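Chemist: Got a structure for you, questions after.
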Amino acid sequence: MYSLQEIIHHYYPISEQSFNKIEALVMKVEMPKKTIVFDPKQYEPKFYFIAKGSARVYVVDDEGNEVSYILFLEKDYLLSFDGYLHQKPSYEYIELLEDSVLYELNTEDLKYLYETDLELANFGRVLADKFAYYTESRFIDRLSLSATARYIKLIETYPEILQRIPLKYIASYLGITQVSLSRIRAKI
């Protein structure tokens, strides 16, 4: 399990003074596997860091299928950008895939910290930059790499993911069926 300080310094080194400001507003929470942290049916003004556990982001398509498009592990953060930016319910679901320990922060408190502390504002910018890079990289990979290449890149980048994330979610994340994923895995 990671401490709040380890997670924050993973993204951006902040001073003890700035860390104390954020630490004073964070609450450590434990949530069981299958908890829906963000749900399109309700607005949740929350931001979470994963200290222990994993999660996925998914939408439900027109045919009722769950389509996973982001997988999270420790040190990652969970946030509904629609909720954060527009104070309305998320358009996606964020579900915990393991029993998890999270650091929870109210998004209004987070915005206040960004407005009043330059180091924390820079920390927030780095979080946004990394997410923008991740999103662009996923988009380009989806357009330019074969399913096999996407799978290989995923397991090279996150080798522990196969032991922790169910294959049906990995297949969905890769944009393929579970049968296709089984064929790819058999070839490698």
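The values are calculated or read from the model by the stated rules, or taken from the named source; none is laboratory data. Please read these numbers as outputs of a predicted model, since none were measured by experiment. Neighbour counts run over all protein chains shown; Cβ positions are idealised from the backbone, glycine included. We work out accessible area using only protein heavy atoms, side chains counted, and drop any ligands, DNA or RNA first. Shrake-Rupley method; radii C 1.70, N 1.55, O 1.52, S 1.80 Å.
Chemist: What's the number of the condition Lys21 fails, among (1) in a loop (DSSP other than H, G, I, E, B); (2) touching a residue at least 40 places away in the same chain (Cβ under 8 Å); (3) over 19 Å from the mean Cα position of the chain (by Cα)?
Modeler: For Lys21, the failing item is (1).
Chemist: Is it fair to say Ile176 is farther than 30 Å from Glu23 by Cα, crowded, with 17+ Cβ neighbours inside 10 Å and touching a Phe, Trp or Tyr at 6+ places or on another chain (Cβ under 6 Å)? Break it down stepwise before answering.
Modeler: Numbers: farther than 30 Å from Glu23 by Cα: yes; crowded, with 17+ Cβ neighbours inside 10 Å: yes; touching a Phe, Trp or Tyr at 6+ places or on another chain (Cβ under 6 Å): no.
No; evaluated as a whole, the condition is false for this residue.
Chemist: Collect the residues in region 26-57 that are loosely packed, with under 15 Cβ neighbours inside 10 Å, outside any strand (DSSP E or B) and either within 18 Å of the chain's Cα centre (by Cα) or hydrophobic (A, V, I, L, M, F, W, C) (or both), keeping them in residue-number order.
Modeler: Pro32, Lys33, Lys34
Chemist: Within region 45-89, which residues are among the β-branched types (Val, Ile, Thr) and within 21 Å of Tyr11 (Cβ to Cβ)? Steps first, answer last, please.
Modeler: To start, the set of residues in region 45-89 that are among the β-branched types (Val, Ile, Thr) comprises 50, 57, 59-60, 67, 70.
If the condition is that a residue be among the β-branched types (Val, Ile, Thr) and within 21 Å of Tyr11 (Cβ to Cβ), then Ile50, Val57, Ile70 are the ones that fit.
Chemist: Looking for whichever is within 16 Å of the chain's Cα centre (by Cα), more than 19 Å from Thr157 (Cβ to Cβ), open to solvent by 10 Å² or more (accessible area, probe 1.4 Å) and not aromatic (Phe, Trp, Tyr) here; the options are Asp62, Asp76, Asp82. Which one fits? Can you show your working first?
Modeler: Working: Asp62 fails: within 16 Å of the chain's Cα centre (by Cα); Asp76 fails: more than 19 Å from Thr157 (Cβ to Cβ).
The match here is Asp82.
Chemist: Can you list the helices (runs of 4 or more DSSP H) lying wholly within region 78-181 that have 1 or more residues being modelled with pLDDT under 95, closer than 22 Å to Asn65 by Cβ and of a type in the set (Asp, Glu)? Let's see the steps before the verdict.
Modeler: Numbers: elements: 81-86, 107-116, 118-144, 147-157, 161-164, 167-174.
It comes to 81-86, 118-144.
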